[in-house]
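Encoded as structure tokens, the structure appears first; notes follow it.
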Amino acid sequence: MRYTARLMRIVTASEELSQAVGRLSASDFVTVDTEFLRESTFWPQLCLIQIASPDEAMIIDPMAPGIDLAPFWGLMGDERVTKVFHAARQDIEIVYARAGLVPRPVFDTQVAAMVCGFGESVSYVNLVKNVTGADIDKSSRFTDWSRRPLSDRQLEYALGDVTHLRDVYRHLKADIDKAGRSDWLSEEMGILTDPRTYASNPDEAWQRLKLRVKNRKALAVLMELAAWRERLAQAQDVPRSRILRDEALYDIANQAPTTPEQLSHLRTLSEGFSRSSRAREIIEAVKLGLARDVKSVPPVNRGTQLSAESTALIELLRVLLKASAARHRVAPKMIAGSEDLERIAVEAEPDIPALKGWRRRLFGEDALRLKRGEIALTLSGSEVVPIATGKAAQ
């Protein structure tokens, strides 16, 4: 074990990691953060792990020669210990990619902060300042975490991401428990800890793309191209754009070239690309897409023109949403998004989270009543409040 000038604990060996995890496992919760790089790879490159219990804090060096991270992965899967993250998705993605498991149970302080009225997607710096009054120096945030040795300044920054998190967690958990909103958070954590959230299925890669295609036949080709690119990027561990840029995917999907000559005419591809082995693979993917039954391909939604009435209703729903969120001290994003508001406006009673459970109680019922003309919105002082209309009494 070695220490920095500031007596920071850096775990670099398997045996000391196993001993440390044994102590951490006795705690009700641990705070966790990771530092990683992914600019030149498909899979995130894990460079540093920071972890703290109520009694101790340490940094684990996953790049240390010969270190076995199995004890750490075991802790991530230990359901007796709550794992506390801030903006957990990328950290959990790394655990899933490296160990094939999703940490449970999880408490995401960014989501919890939205439940507690701190606004949407509050930063860790602002949350720590608000809760503890501490100022965090983020100047080391974008340094190269793969280089060794790391400076004391980098290590101090990294460790601060889990030591301050202990106080933030205690504060938010107490607020949520006091307000009786644990079930609100549990629903969000259920999505965050669902393995399907992190599974990388090449056949579903097209869903990440903007559908800049002209028809369902072109979409069928795009689906095949996206799957081909995803498999190759995963196998070679390079970013998707290193295989083929999105703009080229759209161009190929819309033009559907089935010969090298046709492929050579596309401006989004470099000169000579059509003679490469990769070009032959692209042509095969195009042919597979063209052979698909278009009935099995989702329709290309170009967006429908909303009526003036629906547009006006959406704006009223937006005002109602903000008023409801402010009244209950919860971020509007936690209750409903723009797509939810549009669906409420144009569908009878859509199957969306905003019309279920606690969201329906806070906002959904009033949203439907507003749509039916049973309530109107008015100002009471500086607060927007719903009032019953004559139609509601009928």
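Since every read-out is calculated from the coordinates, none of them should be taken as a lab result. Please read these numbers as outputs of a predicted model, since none were measured by experiment. No Cβ is skipped: glycine too gets one built from the backbone with ideal geometry, and neighbour counts run over all protein chains shown.
Some notes on this structure:
- Checking the cross-link pairs Lys83/Lys356; Lys217/Lys295; Lys217/Lys287 against a 19 Å limit on the alpha carbon distance flags Lys83/Lys356 as lying beyond it.
- For the stretch 209-339, the Cα gyration tensor yields ellipsoid semi-axes of 41, 19, 13 Å (square root of five times each eigenvalue, largest first, whole Å).
- Amide N proximity, the stretch 165-201 versus Lys356 label position 7 Å along Cα-to-Cβ, cut-off under 17 Å: 183-197
- Estimated D of the stretch 1-103 in µm² per second, where Rh is the Kirkwood radius over Cα pairs and Stokes-Einstein applies at 4 °C, 1.567 mPa s: 93 µm²/s
- Net +/- balance of residues flanking Pro103 in space, Cβ distance below 14 Å, scoring K and R +1, D and E -1: -2
- Counting charges near Asp203 (Lys, Arg +1; Asp, Glu -1) among other residues having Cβ under 14 Å from its Cβ returns a value of +2.
- Maximal additional length on extending the Ser296-Thr132 stretch stands at 53.6 nm, based on 0.36 nm per residue less the C-alpha distance.
- Positive-end residue, the stretch 202-296 charge dipole about Cα centroid, Cβ charges, pick of Leu290, Val213, Leu249: Val213
- Shape summary of the stretch 135-272, radius of gyration then Dmax from alpha carbon positions: 23.0, 68 Å.
- Size descriptor, Kirkwood hydrodynamic radius, that averages inverse alpha-carbon separations across the chain, Å: 24.6 Å
- Rounded Å value of the spacing that divides the Cα centres of the stretch 273-319 and the stretch 139-191: 38 Å
- Secondary structure note: in the chain, about 70% of the DSSP beta bridges are antiparallel.
- At q = 0.13, 0.16 Å⁻¹ the log10 of I(q)/I(0) for the stretch 2-197 amounts to -0.68, -1.06, computed by Debye summation with a single uniform scatterer per C-alpha, solvent ignored.
- Rg to Rh quotient for the stretch 348-394, alpha carbon positions, Kirkwood Rh: 1.03
- Summing charges over all other residues whose Cβ lies under 11 Å from the Cβ of Val294, with Lys and Arg as +1 and Asp and Glu as -1, gives +3.
- Rounded to two decimals, the Cα-based Rg/Rh of the stretch 18-69, with Kirkwood Rh, is 1.04.
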